[in-house]
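Student: Here it is: the structure, laid out below.
Where a number appears in this text, it was derived from the coordinates with a stated rule and is not lab data. Please read these numbers as outputs of a predicted model, since none were measured by experiment. Please note: Cβ atoms are built from the backbone with ideal geometry, for glycine as well, and neighbour counts cover all protein chains shown.
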Amino acid sequence: MTSPAKPYRGVFPVVPTIFDERGALDLEGQRRCIDFMIDAGSDGLCILANYSEQFALADEEREQLMHLALEHVAGRVPVIVTTSHFSTALCAERSRRAAAAGAAMVMVMPPYHGATIRASEGAIAEFFRAVSDAAGIPVMIQDAPVSGTALSAPFLAKLAREVEHVSYFKLEMPQAAAKLRDLIALGGDAILGPWDGEEGITLAADLEAGATGSMTGGGYPDGFRQIMDAWFAGRREEAHALYARWLPLINLENRQGGLLTAKALMEEGGVIRCGAGRHPLAPLHPATRALLVETARRLDPLVLRWGK
């Protein structure tokens, strides 16, 4: 897949991995999940991310899910494939295979393992250069606290200027807006996609800072589209009002429901049969799930109507 004439922007939610009650992959549920997310207005999708429970998947399952998603989407929207791995060679190979299968972009975290094993800036630069060379498509660096790796704005801008396909950045940390401003100022035209993440909890501030995309949870892309469409149309006050309207649900996802939020809403709306995560991930407390559904009903998102 060649790079688009214009940079990708908008709402690119993470696709959750759908399991059955036994913890096995539910492939039909996966296809229904993807169809719902496209129908709900997603500008694109991201698969195999942390919110997809990628850390609970076997390598064979990752490969199966990647091909299922890309074949089922069939070009309806661009798909970002997460290919993170500590090994430079393995991450590069994952990225090469994703590009060959039709991914529009790969998303990669800096190499890390556990609480203490990290790489130097020089090794991180070599890592992303190898990934870029192997993929030949846009590379998004996921800059998130879970990696425990400090990636300064000057270092990220340097990677954007010096590594051919490194041009998108998902920033999800406290004061993300300030870092977005610094990255945009330092990187200039090399920064094609300054994006936010973390379920959109800082979206309003990040848009003000220059964010052009958001990687959210997958439960209510239609809500995020309302916000982003108003923003891109220059209706700033409307965008902020819409953000305030959806914020209670965004907050519940970010602080209470976590990565099971989208699946709980999809299960409630008949999109999928089972909203469980894979053991040992604890299920949502029934009261938390009830509050999520109650809060969502006030907003009438498509997820609660799509499967009924």
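Student: Multiplying the sequence separation of Arg245 and Asp20 by 0.36 nm and subtracting their Cα-Cα distance, what value in nm do you get?
Tutor: 77.7 nm
Student: Distance from the Cα centre of region 1-77 to that of region 204-231, in angstrom?
Tutor: 19
Student: Is region 154-308 best put as rounded, prolate or oblate by its Cα gyration tensor, with a ≥ b ≥ c the root eigenvalues, rounded for a/c under 1.5, and otherwise prolate when a/b is larger than b/c, oblate when not?
Tutor: Since a/c reaches 1.5 and a/b is larger than b/c, the shape of region 154-308 is classed as prolate.
Student: If you don't mind, there's one more thing I want to ask. With r defined as the distance between the Cβ atoms of Glu162 and Phe86 and R0 fixed at 30 Å, what FRET efficiency is calculated, to the nearest 0.05?
Tutor: 0.85
Student: With a sphere of radius 9 Å drawn around the Cβ of Gly193, what net charge do the other residues whose Cβ falls strictly inside it have (Lys, Arg +1; Asp, Glu -1)?
Tutor: +2
Student: Hey, another quick one. Considering the zone a paramagnetic label at Arg236 would reach in this model (a point 7 Å from Cα along the Cα-to-Cβ line), which residues of region 194-215 have amide N under 16 Å from it?
Tutor: From region 194-215, the list is 204-212.
Student: Quick one: compute the contact order of region 10-218, relative version, from alpha carbon pairs under 8 angstrom and 6+ residues apart, as a percent.
Tutor: 18
Student: Which value, in debye to the nearest 20, describes the size of the charge dipole of the chain about its Cα centre when Lys and Arg Cβ atoms bear +1, Asp and Glu Cβ atoms bear -1, and nothing else is charged?
Tutor: Value, rounded to 20: 260 debye.
Student: Let me have the 222 nm mean residue ellipticity of the chain computed from DSSP H runs of 4+ only, each contributing -39500 (n - 2.57), with the sum over all residues rounded to the nearest 500.
Tutor: -13500 deg cm²/dmol
Student: Give the cross-link partners of Lys6 among the aspartates and glutamates, using a straight C-alpha distance below 15 Å as the criterion and excluding same-chain residues fewer than 8 apart.
Tutor: Asp43, Asp189
Student: Using the Cα gyration tensor of region 237-308, with a ≥ b ≥ c the square roots of its eigenvalues, what is the shape: rounded (a/c below 1.5), prolate (a/b larger than b/c) or oblate (neither)?
Tutor: Details: a/c = 2.38, a/b = 1.47, b/c = 1.62.
Here region 237-308 falls in the oblate category.
Student: For the chain, return all DSSP H helices satisfying: extent of Cα atoms along own axis at least 30 Å; mean Kyte-Doolittle hydropathy at least -0.5.
Tutor: Details: long enough: none.
Helix filter hits for the chain: none.
Student: Let a ≥ b ≥ c be the square roots of the eigenvalues of the Cα gyration tensor of region 39-192; is it rounded (a/c under 1.5), or, if not, prolate (a/b larger than b/c) or oblate? Each step should come with its number before you reach the end.
Tutor: Values: a/c = 1.56, a/b = 1.32, b/c = 1.18.
Here region 39-192 falls in the prolate category.
Student: Give the percent of DSSP beta bridges with both residues in the chain that are antiparallel, rounded to the nearest 5.
Tutor: 10
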